[in-house]
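Participant: This structure is in structure tokens; I'll ask about it shortly.
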Amino acid sequence: MVSTLDATTPKIVEPTIFDLSSPGRVGVRMPESDVPAADSPPPHLLRSELPLPELAEVDVVRHYVRLSKFNYSVDGGFYPLGSCTMKYNPKINEDTCRLPGFLFTHPLQPVETVQGNLALMYQLQEWLKEIAGFAGVTLQPAAGAHGEFTGVLMMRAYHKSRGDEKRVKMLIPDAAHGTNPASVGMMGMTVVTIPSDDRGNVDLKKLEEACDDTVVGMMLTNPNTLGMFDENVEKVISLVHGCGGLMYGDGANLNPLLGIVRPGDLGFDVMHFNLHKTFAVPHGGGGPGVGPVGVGPKLVDFLPEPLVGIIEEGEEDMPPLYGFVKPAKTIGRMKAFHGHFGGGFVRSFTYIAMHGPDGLKDIAQYAVLNANYLQARLRDHYHIPFDRICMHEFVMEGQFEGSDVRALDISKRLMDYNFHPPTNYFPLIVHEALMIEPTETENKDTLDAFADALIQIAKEAKSTPEIVKSAPNDTLFGRMDEVKAARELVLCCWLPEGYDLNA
Ligand SMILES: *Cc1c(COP(=O)(O)O)cnc(C)c1O
């Protein structure tokens, strides 16, 4: 039995690790104990039965390697999941984050013994400030959404510190990522949705109407989730500032701006970075996310504590002494210890150091070139509602006149062509949205093969729609009942006897 999902029967029945077990088989021979035996835990804490599979090491390795091959990954193929920036993650980052000096440090060590770690964190703060044009950066937040929450807390603290207590509204465009209204809602603020105009920009008239002295600020993703750079961004920011609000930038889409535009220079007061998107920390398997937040001069005193700072300048050629500093009006701590050091900071530090300023600019330019190339190849085959030069991604409609094929069907059919589907049904303002972000790390052959597959599927949608509607046809599992899979998630295939999943 593979799964209790009954929507689809797998084409090959995979044995579980328990099916492979054979009594007495072992994977490890324990040495004779050379210390006195400890007492067992009290009997009431022991389970009566905990059957473990009995296998040799080679059986376990083969079982999990075989299963891993059923997964799709950035290292396995093209992954154009819009908004997620699924770029290739260079393997040198894996070497540096495993250097023993980084790997074997403890967050409670005295600062004198972790000067290298602190120097790396300090430099990363400085680089992010320079890349995005900010006055200060915290590395603490554990994801983009956590960075949003941190940023909005600082915005609220700023208004409060000025005795400005009536600001409760956050303006959020209709193209925003769902985390924006969620972060704001968690703080009890009210979300005011601002529509987009027909060029995919913020509707300036609607924005002007919403701007008043109850506005905390605005959360703007630029380029937005349509892949459009807001042509009036400076006007948008001056409207928000004009009514005393602060400007939050959702920096998840920073990839196409690296080395080209600095959000801080445009007038953004605060922005989160997604190191796990733009700066090559692997993601998709549950983490670690890293969502540093940069702030302009108005918010720099409100940053979470502690920040890494220079405690004492070094004499002559000596490096400075690094330590922790506390901003004057800090909102407090946002994360235990110092954030995701090895998995996040060291990898992103390596990535930025390896690219340098010119390399970062290349990333942005190739990301934009690749997206525009794909958009140009697909324009005649799919309807693109906001059809102008895009940034790092674009959104097209997954539907055709006279065919009942939908975006979901197209995505599933792409799996038969060995491609990961694009993002589906987001942003909400495009019907049957397919949001495609190729990233800078793909070559022209891959982009062409992907475009060919999508063009082929557009033809199939008219000539043989049943093939598209029944897809995926060539994968281990057929089409899942996705609602049921999310609501009744079964993560293990074996349960102890008497254990009721629904209890
Ligand atoms: C990914 C993303 C977020 C949220 O980031 P997480 O790290 O997933 O919490 C917010 N906004 C946009 C536009 C994103 O693409």
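The values are calculated or read from the model by the stated rules, or taken from the named source; none is laboratory data. Model, not experiment: these values are computed from the prediction. Positions of Cβ are generated from backbone atoms using ideal geometry, with glycine treated the same way; all protein chains shown enter the neighbour counts.
Participant: Quick check on region 148-170: of everything there that is more than 16 Å from the ligand (Cβ to nearest atom) and of a type in the set (A, V, I, L, M, F, W, C), which residue is surrounded by the fewest Cβ atoms within 10 Å (Cβ to Cβ)?
Facilitator: If we filter region 148-170 for residues that are more than 16 Å from the ligand (Cβ to nearest atom), which is where we start, we get 154-169.
Narrowing the set further to residues that are of a type in the set (A, V, I, L, M, F, W, C) leaves 154-155, 157, 168.
Numbers: Met154: 27, Met155: 28, Ala157: 17, Val168: 14.
Taking the candidates together, the pick is Val168.
Participant: Quick one: is Tyr122 buried (at least 21 other Cβ atoms within 10 Å of the Cβ), more than 15 Å from the ligand (Cβ to nearest atom) and hydroxyl-bearing (Ser, Thr, Tyr)? Please lay out each step first, then the result.
Facilitator: Details: buried (at least 21 other Cβ atoms within 10 Å of the Cβ): no; more than 15 Å from the ligand (Cβ to nearest atom): yes; hydroxyl-bearing (Ser, Thr, Tyr): yes.
For Tyr122, the condition - buried (at least 21 other Cβ atoms within 10 Å of the Cβ), more than 15 Å from the ligand (Cβ to nearest atom) and hydroxyl-bearing (Ser, Thr, Tyr) - is not met.
Participant: For region 4-50, which positions are within 25 Å of Ser68 (Cβ to Cβ), out of contact with any Pro (no Cβ under 8 Å at 6 or more places or on another chain) and either at pLDDT 75 or above or among the small types (Gly, Ala, Ser) (or both)?
Facilitator: Scanning region 4-50 gives Ala7, Glu14, Pro15, Thr16, Asp19, Ser22, Arg25, Val26, Gly27, Val28.
Participant: State which residue pairs qualify: first residue under 22 Å from Pro15 (Cα atoms) and inside region 482-498, second residue surrounded by fewer than 12 Cβ atoms within 10 Å (Cβ to Cβ) and at pLDDT 80 or above in any location, beta carbons under 8 Å apart, and separation of 6 or more residues or different chains.
Facilitator: none
Participant: State which residue pairs qualify: first residue within 13 Å of Thr439 (Cα to Cα) and near the ligand (Cβ under 10 Å from one of its atoms) and inside region 267-282, second residue of a type in the set (Ser, Thr, Tyr) and assigned to a loop (DSSP other than H, G, I, E, B) in any location, beta carbons under 7 Å apart, and separation of 6 or more residues or different chains.
Facilitator: Lys277/Thr85
Participant: I'm checking my understanding of the structure. Among residues of region 107-147 that are outside any helix (DSSP H, G or I) and β-branched (Val, Ile, Thr), which one is nearest to Leu266 (Cα to Cα)?
Facilitator: Start the filter on region 107-147 by keeping residues that are outside any helix (DSSP H, G or I), which leaves 107-110, 133-143.
Next, from what is left, pick out any that are β-branched (Val, Ile, Thr): 137-138.
Details: Val137: 17, Thr138: 20 Å.
Looking at residues that are outside any helix (DSSP H, G or I) and β-branched (Val, Ile, Thr), I get Val137.
Participant: If the Cβ limit is 8 Å and pairs must be 6+ apart or interchain, which residue in region 450-478 that is within 16 Å of Met415 (Cβ to Cβ) and of a type in the set (Lys, Arg) pairs with which residue that is modelled with pLDDT of 95 or more and assigned to a loop (DSSP other than H, G, I, E, B)?
Facilitator: Listed pairs, sorted by first residue: Lys469/Asp404; Lys469/Val405.
Participant: Which of the residues that make up region 283-303 are among the small types (Gly, Ala, Ser), buried (at least 24 other Cβ atoms within 10 Å of the Cβ) and within 13 Å of the ligand (Cβ to nearest atom)? Give the steps one after another, and end with the answer.
Facilitator: Within region 283-303, the subset among the small types (Gly, Ala, Ser) is 284-287, 289, 291, 294, 296.
Cutting the leftovers down to buried (at least 24 other Cβ atoms within 10 Å of the Cβ) gives us 291, 294.
The answer is Gly291, and nothing else.
Participant: Identify all residues within region 27-61 that are β-branched (Val, Ile, Thr) and under 26 Å from Pro15 (Cα atoms); write none if there are none.
Facilitator: First, the residues of region 27-61 that are β-branched (Val, Ile, Thr): 28, 35, 58, 60-61.
Matches in region 27-61: Val28, Val58, Val60, Val61.
Participant: Any chance region 420-440 includes a residue that's free of Cβ contacts under 8 Å to residues at least 40 places away in the same chain, assigned to a strand (DSSP E or B) and of a type in the set (Gly, Ala, Ser)?
Facilitator: yes
Participant: I want to confirm something. Restricting to region 44-84 and keeping residues that are touching a strand residue (DSSP E or B) at 6+ places or on another chain (Cβ under 9 Å) and of a type outside the set (Gly, Ala, Ser), which single residue is farthest from Pro427 (Cα to Cα)?
Facilitator: Just the residues of region 44-84 that are touching a strand residue (DSSP E or B) at 6+ places or on another chain (Cβ under 9 Å), to begin with: 80-84.
With of a type outside the set (Gly, Ala, Ser) added as a condition, the list becomes 80-81, 84.
Numbers: Pro80: 15, Leu81: 13, Cys84: 13 Å.
So, considering only residues that are touching a strand residue (DSSP E or B) at 6+ places or on another chain (Cβ under 9 Å) and of a type outside the set (Gly, Ala, Ser), the one farthest from Pro427 (Cα to Cα) is Pro80.
Participant: Go through (1) within 22 Å of the chain's Cα centre (by Cα); (2) more than 15 Å from the ligand (Cβ to nearest atom) and name the single condition Ala145 misses.
Facilitator: (2)
Participant: Okay, moving on. Does region 52-65 contain any residue that is basic (Lys, Arg) and surrounded by 12 or more Cβ atoms within 10 Å (Cβ to Cβ)? Break it down into steps so the answer makes sense when it comes.
Facilitator: Keep residues of region 52-65 that are basic (Lys, Arg), which gives 62.
Those left that are additionally surrounded by 12 or more Cβ atoms within 10 Å (Cβ to Cβ): 62.
Within region 52-65, one or more residues are basic (Lys, Arg) and surrounded by 12 or more Cβ atoms within 10 Å (Cβ to Cβ).
Participant: Shifting gears a bit: Step by step: first the residues of region 171-219, then only those that are within 13 Å of the ligand (Cβ to nearest atom) and in a strand (DSSP E or B), then the one that is nearest to His431 (Cα to Cα). Which residue is that?
Facilitator: Applying the filter and picking the extreme gives Pro173.
Participant: If you don't mind, another one. Based on this model, can you work out whether Ala252 counts as within 18 Å of Ala132 (Cα to Cα), within 16 Å of the ligand (Cβ to nearest atom), in the same structural domain as Leu124 (by TED's automatic domain parsing) and in contact with a strand residue (DSSP E or B) (Cβ under 8 Å, 6 or more places away or on another chain)? Talk me through it step by step, then tell me what you get.
Facilitator: On the way: within 18 Å of Ala132 (Cα to Cα): yes; within 16 Å of the ligand (Cβ to nearest atom): yes; in the same structural domain as Leu124 (by TED's automatic domain parsing): yes; in contact with a strand residue (DSSP E or B) (Cβ under 8 Å, 6 or more places away or on another chain): yes.
When the stated conditions are applied, Ala252 passes them.
Participant: Let me ask you something else. Here are Glu432, Glu397, Glu401, Glu393: which of them is of a type in the set (Asp, Glu) and under 22 Å from the mean Cα position of the chain (by Cα)?
Facilitator: Details: Glu432 fails: under 22 Å from the mean Cα position of the chain (by Cα); Glu397 fails: under 22 Å from the mean Cα position of the chain (by Cα); Glu401 fails: under 22 Å from the mean Cα position of the chain (by Cα).
So the residue among Glu432, Glu397, Glu401, Glu393 that is of a type in the set (Asp, Glu) and under 22 Å from the mean Cα position of the chain (by Cα) is Glu393.
Participant: So, of the residues in region 220-267 that are β-branched (Val, Ile, Thr) and within 19 Å of the chain's Cα centre (by Cα), which turns out to be surrounded by the fewest Cβ atoms within 10 Å (Cβ to Cβ)?
Facilitator: Pass one, region 220-267, residues β-branched (Val, Ile, Thr): 221, 225, 233, 236-237, 240, 260-261.
Applying the additional criterion that residues be within 19 Å of the chain's Cα centre (by Cα) yields 221, 225.
On the way: Thr221: 23, Thr225: 28.
Of everything passing the filter in region 220-267, Thr221 is surrounded by the fewest Cβ atoms within 10 Å (Cβ to Cβ).
Participant: Going by what's in this entry, would Ala449 be described as touching a Phe, Trp or Tyr at 6+ places or on another chain (Cβ under 7 Å), modelled with pLDDT of 95 or more and among the hydrophobic types (A, V, I, L, M, F, W, C)?
Facilitator: Working: touching a Phe, Trp or Tyr at 6+ places or on another chain (Cβ under 7 Å): no; modelled with pLDDT of 95 or more: yes; among the hydrophobic types (A, V, I, L, M, F, W, C): yes.
No.
Participant: Condition (residue is within 14 Å of the ligand (Cβ to nearest atom), among the hydroxyl-bearing types (Ser, Thr, Tyr) and either at pLDDT 95 or above or not assigned by TED's automatic domain parsing to the domain that holds Asn117 (or both)) applied to region 312-332: is it met by at least one residue?
Facilitator: Within region 312-332, the first condition is being within 14 Å of the ligand (Cβ to nearest atom), and the residues that meet it are none.
For region 312-332, residues within 14 Å of the ligand (Cβ to nearest atom), among the hydroxyl-bearing types (Ser, Thr, Tyr) and either at pLDDT 95 or above or not assigned by TED's automatic domain parsing to the domain that holds Asn117 (or both): absent.
Participant: Evaluate the following for Ser73: is it out of contact with any Pro (no Cβ under 8 Å at 6 or more places or on another chain), at positive phi, assigned to a loop (DSSP other than H, G, I, E, B) and not assigned by TED's automatic domain parsing to the domain that holds Lys412? Even if it seems obvious, please write down each step before you answer.
Facilitator: Values: out of contact with any Pro (no Cβ under 8 Å at 6 or more places or on another chain): yes; at positive phi: no; assigned to a loop (DSSP other than H, G, I, E, B): yes; not assigned by TED's automatic domain parsing to the domain that holds Lys412: yes.
When the stated conditions are applied, Ser73 does not pass them.
Participant: For region 352-359, check the following and say yes or no: at least one residue is over 21 Å from Gly136 (Cβ atoms), buried (at least 21 other Cβ atoms within 10 Å of the Cβ) and not aromatic (Phe, Trp, Tyr).
Facilitator: no
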